[in-house]
Amino acid sequence: MLDGDLNGLLVVLDECPVGVSVSRRRDGHVVYANRRFAELTGLSLADIIAAPARRFFVDGQQRDAIVDRLKRKGRVDNIHVPFRRADGSMLWALLTVHSAHLNGDDVNFAWISDISERKQTEGRLRLLSAAVEQAPVTVLVTDKAGRIEYVNQAFSQVTGYSMDEAIGQNPRMLSSGEVSREVFHDLWKAISSGNTWQGELCNRKKDGSLFWEHATVSPVKDEGGAIAHYLAVKEDITLRKEYEDRLEHQANHDQLTGLPNRVLAMDRLGQALALAGRGGKVVVVMVVILDDIGKVNDTLGFKAGDAAVIAFSQRLSRTMRQCDTLARLSGNEFLVIIGDIDTPAMAEVSAHRILEDCHQSLKIEGRDIFLTARIGMTAYPTDGRDPLVLIRNAHAATVRSEERGRNSFRFFTPKMDEEAQARLKIEGSLRNAIERNELSVFYQPIVAAGSRRLIGTEALLRWSHPELGSVSPDRFIPIAEASDLILPISDWVLRQACRDASRWQAKMGIFKLAVNFSPRQFRSLDLVEKILDILEEEGFPKECLEVEVTERLLMSGMNNAKIILDTIKSFDISLSIDDFGTGYSSLGYLQNFQFDTLKIDRSFVKEVDGAEASRSLASAIIEMARALHMEVVAEGVETVEQERILGELGCQAMQGYLFGRPMPANEFDVLIGL
Ligand code: C2E
Ligand code: CA
Ligand code: CA
């Protein structure tokens with residue numbers, strides 16, 4: 001090689017951005033280094049030349065390994081080596097050394113470049129990723145479309161889903177269905193517009209259990225400022241939530257019975273009153289006092305006393321409807337809130353049931369003990385509109401109920417109380433009415449329009465009370481319906497009516513017997529069997545019976561009602577809708593049922609011979625019934641004029657004083673010519 005060429009080469013080497021050195025293997029001394037090498041090591045060229053190369057190594061072991069490898073392989077490539085600089089600071093270098101033969105000497109060529117910065121970044125990244133991976137909070141990263149790209153260990157620990165199961169999924173995989181759609185809507189709106197969202201979420205684990213998280217979700221932007229990812233950091237707060245719930249429960253519930261306490265009861269009462277106010281409904285507030293609990297404490301001890309209170313509270317809650325509230329006000333005082341009723345009388349059923357239950361003993365510590373109760377009742381809005389006033393009224397009523405003795409109730413308002421007592425009396429004597437032969441069935445003729453030919457009869461119950469005289473069914477049927485009394489009474493009516501009507505049917509051939517049924521009878525599927533049994537036992541043909549129900553039944557929301565009506569119909573028994581037009585009268589539900597007959601209520605019939613406008617309602621009902629292929633019977637026809645107009649409007653059958661009043665069976669025999 002020419003000298004000039006060599007010089008040129010050295011100049012180029014000096015400008016090279018990589019540090020270059022040549023050392024002699026014999027003694028390890030550096031014989032050449034370029035300027036970059038001097039810069040990187042922080043030494044002057046004079047210091048470098050003739051110095052041993054080993055002085056630069058921080059790690060002696062690593063140096064020995066390099067030397068060893070050079071001996072065996074003649075080269076080492078691209079290894080990361082920490083070097084000590086002249087000022088004592090550290091330099092991370094990428095080192096390559098090749099052995100060669102130069103001018104009769106064995107030498108090592110070394111190339112070094114500075115990788116300190118890269119080393120530092122790598123270290124930071126490693127630290128960060130370990131920190132995120134091992135963080136005690138859940139970290140989840142999704143792409144822009146919401147697909148999970150990363151979850152940390154805490155995520156798997158909390159949710160039970162492994163990283164593999166989570167990646168590629170949507171965070172919806174944790175959805176519990178317990179969080180409202182608005183919450184997710186808000187979350188998405190916030191983060192997609194570049195903001196951070198914070199909130200509490202109820203999620204579901206892989207094993208199906210629920211847990212609560214406090215979540216912070218934020219967008220992660222790329223260099224250009226566009227949203228590239230979403231980051232969610234979440235903390236499991238289930239324990240805190242449970243603790244809060246427990247605290248709240250403790251603050252609002254009675255420790256012994258677990259029932260709502262006075263605080264919560266006042267709250268619920270306020271809500272019930274507000275609801276009733278809007279819907280024009282009645283709320284009855286009932287205070288129930290358990291007598292003699294002090295005596296139990298004295299004779300059997302406090303533990304037995306507590307057990308008695310618990311047993312009584314359980315018994316109370318069994319007598320109530322789901323929608324009512326039962327609370328414990330103090331030691332032996334309970335509060336019952338009965339909402340969503342139309343009249344205060346409807347709450348009497350509950351009072352009766354509670355008092356009736358008191359005739360049964362409670363088993364306390366192996367003994368049978370009998371505890372009596374007193375009940376005071378007051379009604380919103382008649383007696384007051386304020387929760388405190390109502391509770392005070394109910395209390396006052398319990399004090400006065402004491403005069404009636406144990407196991408009794410009293411209304412706060414004297415008039416309401418009188419009425420309740422009268423009902424109680426009627427109920428008491430109605431219980432024995434069947435055995436005492438006080439009930440009978442009357443029959444009213446049903447005739448064909450125009451010809452007035454007798455086509456059937458409606459069975460109407462009568463009660464002649466030894467003292468009260470004849471009691472109207474309008475008065476005693478609702479009382480019978482409020483207890484289970486209506487069931488034996490209805491059975492008795494059906495049996496009696498079938499027995500009587502068998503004679504008429506035998507004589508007349510086609511002859512309809514209409515019998516009234518109460519909604520209460522439709523609670524149990526046994527009704528159909530009961531009807532079929534009675535028909536068979538009395539030998540009355542199924543197709544001659546017509547079951548009359550009112551709109552009340554259809555609107556009661558009883559699931560069974562439709563099934564039972566359909567079943568009855570499937571046995572060829574006719575169905576009739578009674579008092580049509582007085583209830584909610586909706587065409588829609590009539591279509592869902594298979595009624596054969598529609599009875600227009602007396603109130604419409606009364607109007608037909610009046611002004612033109614009042615006729616139009618009856619006319620509309622008749623039109624509609626005909627469109628649905630139902631036969632129309634007008635009830636309560638009293639005048640010839642009414643008969644004529646209804647006939648013209650297309651009514652096929654009629655019933656009313658004009659054709660015959662309800663009469664005893666023997667009179668009906670005469671009517672028929674028996
Ligand atoms: P309802 O089913 O609408 O019976 C018709 C009522 O109208 C009967 O009253 C009948 O006497 C009366 N009535 C008939 N024609 C005329 C008339 O031309 N003018 C007037 N002003 N009234 C007339 P009743 O017998 O007092 O029965 C009242 C309600 O008691 C019945 O109304 C029915 O809802 C119920 N009821 C009667 N018997 C039974 C029964 O055995 N079971 C059930 N669940 N309810 C019954
Ligand atoms: Ca009827
Ligand atoms: Ca009727």
Mind listing just one residue for me: the one in region 538-582 that is assigned to a loop (DSSP other than H, G, I, E, B) and β-branched (Val, Ile, Thr) and, of those, farthest from ligand 1 (Cβ to nearest atom)? Ile573
Any chance region 412-435 includes a residue that's open to solvent by 40 Å² or more (accessible area, probe 1.4 Å), among the polar types (S, T, N, Q) and assigned to a helix (DSSP H, G or I)? yes
Of the listed residues (Gly469, Gly450), the one being at positive phi and open to solvent by 50 Å² or more (accessible area, probe 1.4 Å) is Gly450
What strands (runs of 3 or more DSSP E), lying completely within region 450-516, carry at least 2 residues that are at pLDDT 95 or above and more than 30 Å from Arg353 (Cβ to Cβ)? 454-465, 512-516
Sort out which residues of region 76-135 are small (Gly, Ala, Ser), open to solvent by 50 Å² or more (accessible area, probe 1.4 Å) and farther than 18 Å from Glu39 by Cα, and write them in order of number. Gly104, Ser129, Ala131
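Residues are listed down the side, and each one gets a yes or a no for (1) open to solvent by 10 Å² or more (accessible area, probe 1.4 Å); (2) farther than 26 Å from Gly509 by Cα; (3) within 14 Å of ligand 3 (Cβ to nearest atom); (4) in a helix (DSSP H, G or I):
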{"residue": "Ser603", "(1), (2), (3), (4)": "yes, yes, yes, yes"}
{"residue": "Gly610", "(1), (2), (3), (4)": "yes, yes, no, no"}
{"residue": "Gly647", "(1), (2), (3), (4)": "yes, no, no, yes"}
{"residue": "Gly656", "(1), (2), (3), (4)": "no, no, yes, no"}
{"residue": "Phe668", "(1), (2), (3), (4)": "no, no, no, yes"}
{"residue": "Leu671", "(1), (2), (3), (4)": "yes, no, no, yes"}
Restricted to region 612-624 and to residues being away from ligand 3 (no atom under 15 Å from the Cβ) and among the aliphatic types (A, V, I, L, M), the residue surrounded by the fewest Cβ atoms within 10 Å (Cβ to Cβ) is Ala613
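Rundown of residues vs (1) away from ligand 1 (no atom under 15 Å from the Cβ); (2) closer than 26 Å to Arg462 by Cβ; (3) acidic (Asp, Glu); (4) at pLDDT 95 or above, yes/no style:
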site: Glu612; (1), (2), (3), (4): yes, no, yes, no
site: Ala627; (1), (2), (3), (4): yes, no, no, no
site: Gly636; (1), (2), (3), (4): no, yes, no, yes
site: Ala653; (1), (2), (3), (4): no, yes, no, yes
site: Phe659; (1), (2), (3), (4): no, yes, no, yes
site: Pro662; (1), (2), (3), (4): no, yes, no, yes
Residues in region 33-48 that are open to solvent by less than 50 Å² (accessible area, probe 1.4 Å) and either part of a helix (DSSP H, G or I) or more than 16 Å from Phe83 (Cα to Cα) (or both): how many? 6
On the basis of being among the small types (Gly, Ala, Ser), open to solvent by less than 10 Å² (accessible area, probe 1.4 Å) and away from ligand 2 (no atom under 16 Å from the Cβ), does Ala627 make the cut? no
Can you tell me which residue among Asp386, Asp324 is at pLDDT 90 or above, open to solvent by 60 Å² or more (accessible area, probe 1.4 Å) and either in contact with a Pro (Cβ under 7 Å, 6 or more places away or on another chain) or acidic (Asp, Glu) (or both)? Asp386
Check whether at least one residue in region 575-591 is within 40 Å of the chain's Cα centre (by Cα), modelled with pLDDT of 95 or more and away from ligand 3 (no atom under 13 Å from the Cβ), and report yes or no. yes
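The values are calculated or read from the model by the stated rules, or taken from the named source; none is laboratory data. Small disclaimer: the values here were computed from a predicted structure and weren't measured. Virtual Cβ from ideal backbone geometry, glycine too; neighbours counted across all protein chains shown. The protein model used for the area step is the full one, side chains on, heavy atoms only, and it has no ligands, DNA or RNA in it. Shrake-Rupley method; radii C 1.70, N 1.55, O 1.52, S 1.80 Å.
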